[in-house]
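Notes for the one structure printed next.
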């Protein structure tokens with residue numbers, strides 16, 4: 001029976017998982033997922049290796065649990081940002097800006113190609129997490145088309161193109177650089193989906209001098 005340091009078993013498990021997730025995130029940024037072992041993660045978390053296996057069978061299962069937590073947290077933040085907004089153009093603007101910030105603060109290292117690392121079942125579960133977020137974008141675009149804010153278009157293709165345009169680049173961490181890059185991404189996506197509002201027609205003076 002592992003030593004319980006929290007007030008209850010559930011609190012103890014939550015604390016242990018948080019330590020393991022933090023350790024995994026740090027090590028992935030330093031070395032990459034493929035190069036680390038469960039022993040490395042245990043040491044980084046200040047735990048015995050056996051204790052780690054009490055929670056996760058291997059590092060792949062640990063990664064999936066970590067991604068699931070991060071996805072749930074992000075979806076809650078995204079839904080909160082969209083709450084009460086009925087204009088699909090404004091919804092899309094907020095989606096893009098949240099995605100831009102997500103790529104700069106998300107705890108997975110950018111550019112990792114998990115297709116060559118994870119099993120097929122793990123990759124399938126990773127895609128399921130991405131689809132949860134993509135479903136929010138799909139509804140925004142479909143509502144925009146239904147309301148006449150966006151022209152009729154192939155929604156599946158647009159989803160792929162919008163996500164590729166945002167997720168395919170490394171946004172600055174913070175400050176004016178992040179704001180400038182977010183503005184550019186917002187303007188690009190609004191124009192790409194055919195938004196006809198003044199926000200999509202404006203010319204960003206910062207972009208004009210770049």
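Brief remarks on what is shown
- Gain on full extension, evaluated as 0.36 nm per residue between residue 58 and residue 75 minus their Cα-Cα distance, stands at 3.5 nm.
- Taking only Cα atoms of the range 1-56, radius of gyration then Dmax in Å: 11.6, 35
- Counted over all Cα-Cα pairs of the range 44-177, pairs farther apart than 25 Å make up 37 percent.
- R0 of 22 Å, Cβ-Cβ distance residue 196-residue 156: FRET efficiency to nearest 0.05: 0.50
- Debye-sum result for the range 42-82 in log10 I(q)/I(0), which assumes one identical scatterer on each alpha carbon, at q = 0.20, 0.29, 0.35 Å⁻¹: -0.67, -0.94, -1.07
Read-outs: derived from the displayed coordinates by stated rules, not from any lab. Please read all numbers here as calculations on a predicted model, not as lab measurements. Reconstructed Cβ throughout: ideal geometry from the backbone, glycine too, with neighbour counts over all protein chains shown.
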